[in-house]
1. Let me confirm something: among A159, A119, which residue is free of Cβ contacts under 8 Å to residues at least 60 places away in the same chain, in the same structural domain as N34 (by TED's automatic domain parsing), in contact with a Ser or Thr (Cβ under 9 Å, 6 or more places away or on another chain) and not basic (K, R)?
2. If you go through the stretch 7-61, how many residues are modelled with pLDDT of 85 or more and among the polar types (S, T, N, Q)?
3. Scan the stretch 241-288 residue by residue and report those that are under 23 Å from R79 (Cα atoms), among the hydrophobic types (A, V, I, L, M, F, W, C) and touching a residue at least 60 places away in the same chain (Cβ under 8 Å).
4. Answer yes or no: is there a residue in the stretch 55-78 that is charged (D, E, K, R), closer than 24 Å to D211 by Cβ and buried (at least 16 other Cβ atoms within 10 Å of the Cβ).
5. Kindly provide the set of residues from the stretch 261-297 that are aliphatic (A, V, I, L, M) and more than 33 Å from the chain's Cα centre (by Cα), ordered by number.
6. Residues of the stretch 55-101 being assigned to a helix (DSSP H, G or I) and of a type in the set (G, A, S), which ones?
7. Quick check on my filter: what residues within the stretch 38-94 are under 30 Å from L217 (Cα atoms), aromatic (F, W, Y) and within 27 Å of the chain's Cα centre (by Cα)?
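The values are calculated or read from the model by the stated rules, or taken from the named source; none is laboratory data. Owing to the predicted nature of the structure, the values given are computational and were not obtained by experimental measurement. Reconstructed Cβ throughout: ideal geometry from the backbone, glycine too, with neighbour counts over all protein chains shown.
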Amino acid sequence: MSAQQQTERVVGGGSSAGGGGESTATVLVALGANLAVAVAKGFAAVITGSASMAAETAHSFADTVNQVLLLTALKGSRRPADRTHPFGYGRVRYFWALLAAVSIFVTGALYSAYEGVTALLSEEHEVVSPVVNYVVLGVAFLLEGFSLLKGYRQTRTEAAEHDQTLRAFLRTSDDPTATTVVFEDSAALIGLVLAAAGTAVHQVTGQSWGDGIASLLIAALLAAVALRLGRANKRLLTDVQADPRLVRAVLVHLGDEPEVDAVVDLLTLTLGTDQVLVCARLDLDDDLSGAEVERAMVRIAAGLEETFLEVVEVFLEPVPRQDEVVRERVRTRYGDRLAQYMVDEAGS
C-alpha cells in the first residue's frame, strides 16, 4: 500500500468529531431523553415501591448529569490555544468524560446496590401497581432507544471515516462523547429489561428477591460501564500516541521527502479529539546548506499538516542517524527491532 493510500485511510475522521456539532446534537438528544425518563421513573418508584425502579431512577439521573458534563466537555475543549495552554484545551473533553464515568459509578451503581440489598433484607418490601412500572419502562425503552440510535449512527459514521469496525472504533476512539452515549444508552436498555424482569418475578412469586436481584444486576451493569469508560479516558489522559495507522503513514510520508535520508525518531501525542502533535528527528541530506535545511523543515511541516487533517502541531529536528544519544533514547522507547525498522521503513 502506498503512503498516499495509507494517508487516505487514516485522515478521514478529521472533520467529524473535531467539529463537535454532531457530538453536541447526540449529547443533547441523550440529555433530553434521560431527564424525561428519570422523572417518570422517579414517580413510578414512589408509587410502586419498586427497588429496581428506584435503581433505574438513579441510573437515569446519573446519565442526565453525565450529559451535562459531556456538554461542558464539548464547550471547554473548543477554546483556542492561549499562553497557559499553548496546545489548546482538547484534553478538557477527556477530564469531564472521566468525571462522567465516576458519576455513573457513584450515583448509579452504588445507589442501585443499596436499593438491591435493602430489598433483599427487608421482609416487608412490596411492589404495588406493577402496571405503572411496565408503562414507564416501555416509554423509557422507546426514548432510550431513540437516543441510542442517534449515538449509534454518529459512531458508525465516524468508524467508517476512520476505516474501522464499530467495535474497534469504540475501543480506540479519541472522541469520548458519542461513545459514552452509546455505552450509557446500551446499558440503559439492558437496565430497563432487568427492571421489568425483576417486577415480573416479584409480581408472580410475591417475593422481594426478584426485585432486589434486579437492582443488584443493574448496579453491576453500571459499575462495568463506569469502569470501561474510566479506562478509556485514562488512556487518553496519559499521553497516548496517535492511531498506529496514522503513525505509520506519517513515517512513510516523511521518508518519501527528497531531503530526508532517514527518520531517526518519531513521536506522536493525542492532544484532543482529532488533534495530534508530531515530533520527528530527521537525518537530512548532508549536501543541503543551512538555508536549504530551514526551507525543507518549513515545507515538510506544512506538508504534514496539509496531508493529515488530524496533525495540528509539527516539530522537526535534524539529527545524524549515527547519533548514539538519540538512537539509545529511541531503542529504550521502542526496542531495537522497531527502532531499526523505523529507519529502514522510512528510508526505503
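1. The unique qualifying residue is A159.
2. Count: 5.
3. Selection gives A242, L271, L277.
4. Yes, the stretch 55-78 has at least one match.
5. A262, L284, L288, A291, V293, A296, M297
6. A55, A58, S60, A62, A73, G76, S77, A97, A100, A101
7. The answer is F61, Y94.
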